[in-house]
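Student: Have a look at the structure that comes next, please.
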Amino acid sequence: MATKETKQRGRPRSFDRETALEQAVRSFWERGYEATSISDLTRAMGISAPSLYAAFGDKRALFDEVVVEYGRLYGGFLSRAVAEEPTARRGVERALREAAAEYTLPGRPRGCLVISAALNISPASAEVADSLREMRLTNVRAIAAAIRADIASGELPPDADAGALAAFIGAVIQGMSQQARDGAERTELEAIAELALKAWPRKAGGASR
């Protein structure tokens, strides 16, 4: 009977899974996917390798969960801004300002995990790079869709290039992330955002807001 009860209960988990996952987020955010080893992860998470594999699977499975958690806690501001603001310009303006703040917030790794985690990645980890690239492209496509909606409504001129403008904003955000990792402060990133917004098309009669 005692044996049966032991099997039903299983071995109790000796760590808090959410806390360990948060530490994994920080490790991948700081070092990137390729440079973060299992020993780095177990040290940061405060667990053994067998516990990591039992709770999260292998390194790739853990990273996939980390990306979801990162988006939930830190990285969803761009898509929210574009979805919630009434025009593409206002959504992009909000996203750029929030990026300047989020990428330089004290107590966190600098920049964006989705942008930086797959830099200098080997062919063996190409699927990780492809997955993160698709996430970035999804954001660019959302910006382009908002721009096309503004063109259709007359908020932007009919000759505005939605694809090129969205790609430009995506490049600015990626550049802001890298600048933050290189040590740029919030005010410097805000200045970059201001300059980027000057490239926004104007509708007849004044600036598009």
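The values are calculated or read from the model by the stated rules, or taken from the named source; none is laboratory data. Nothing here was measured: the structure is a model prediction, and the numbers come from that model. Methodologically, a virtual Cβ is constructed for each residue, glycine included, from the backbone with ideal geometry; neighbour enumeration extends over all protein chains shown. Calculation scope for accessible area: heavy atoms of the full protein, side chains included, ligands and nucleic acids excluded. Shrake-Rupley method; radii C 1.70, N 1.55, O 1.52, S 1.80 Å.
Student: For segment 127-198 and segment 71-110, write down the distance between their C-alpha centroids in whole Å.
Tutor: Comparing the Cα centres of segment 127-198 and segment 71-110, I get a distance of 11 Å.
Student: Now, a different point. What length, rounded to one decimal in nm, is gained on full extension from residue 101 through to residue 127, with 0.36 nm per residue of separation minus their alpha-carbon distance?
Tutor: Additional length available on full extension: 6.4 nm.
Student: How much accessible area does residue 19 have with a 1.4 Å probe, in Å² rounded to the nearest 10?
Tutor: 80 Å²
Student: For 68, 140, 128, what's the largest-to-smallest order of accessible area, 1.4 Å probe?
Tutor: Putting 68, 140, 128 in descending order of accessible area: 68, 140, 128.
Student: For the chain, I need the span (max minus min coordinate) of the C-alpha atoms along each principal axis, in Å, sorted largest to smallest.
Tutor: 82, 37, 33
Student: Next question, about the same structure. Using helices alone, I'd like the mean residue ellipticity at 222 nm for the chain: each DSSP H run of four-plus residues gives -39500 (n - 2.57), total over residue count, nearest 500.
Tutor: Calculated at 222 nm, the ellipticity per residue is -20500 deg cm²/dmol.
Student: In nm, what is the difference between 0.36 nm times the number of residues separating residue 182 and residue 197 and their Cα-Cα distance?
Tutor: 3.1 nm
Student: Projecting each Cα onto the charge dipole of segment 81-168 (Lys/Arg +1, Asp/Glu -1 at the beta carbon, about the Cα centre), which of 139, 118, 81 comes out farthest on the positive side?
Tutor: Value: 118.
Student: For segment 14-160, what % of the accessible area comes from carbon and sulfur atoms, probe 1.4 Å?
Tutor: Carbon-and-sulfur percentage of accessible area, whole number: 53.
Student: Which value, in debye to the nearest 20, describes the size of the charge dipole of the chain about its Cα centre when Lys and Arg Cβ atoms bear +1, Asp and Glu Cβ atoms bear -1, and nothing else is charged?
Tutor: 460 debye
Student: In what order, largest first, do 185, 93, 190 sit by accessible area if the probe radius is 1.4 Å?
Tutor: Sorted descending by solvent-accessible area, the residues read 185, 190, 93.
Student: So, in nm, how far is label residue 119 from label residue 85 when the simple model puts each one 7 Å beyond its Cα toward the Cβ?
Tutor: 2.6 nm
Student: Something else about it: Per residue, what accessible area does the chain have, given a 1.4 Å probe and all protein chains present, in Å²?
Tutor: 53 Å²
Student: What does the extension gain come out to for residue 138 and residue 35, with contour length at 0.36 nm per residue minus their alpha carbon separation?
Tutor: 34.5 nm
Student: Quick check: with the 1.4 Å probe, what order do 59, 203, 198 take by accessible area, largest first?
Tutor: The residues order as 198, 203, 59, largest area first.
Student: How high is the relative contact order of segment 18-117, in percent, counting Cα pairs under 8 Å that sit 6 or more residues apart?
Tutor: That works out to 34 percent.
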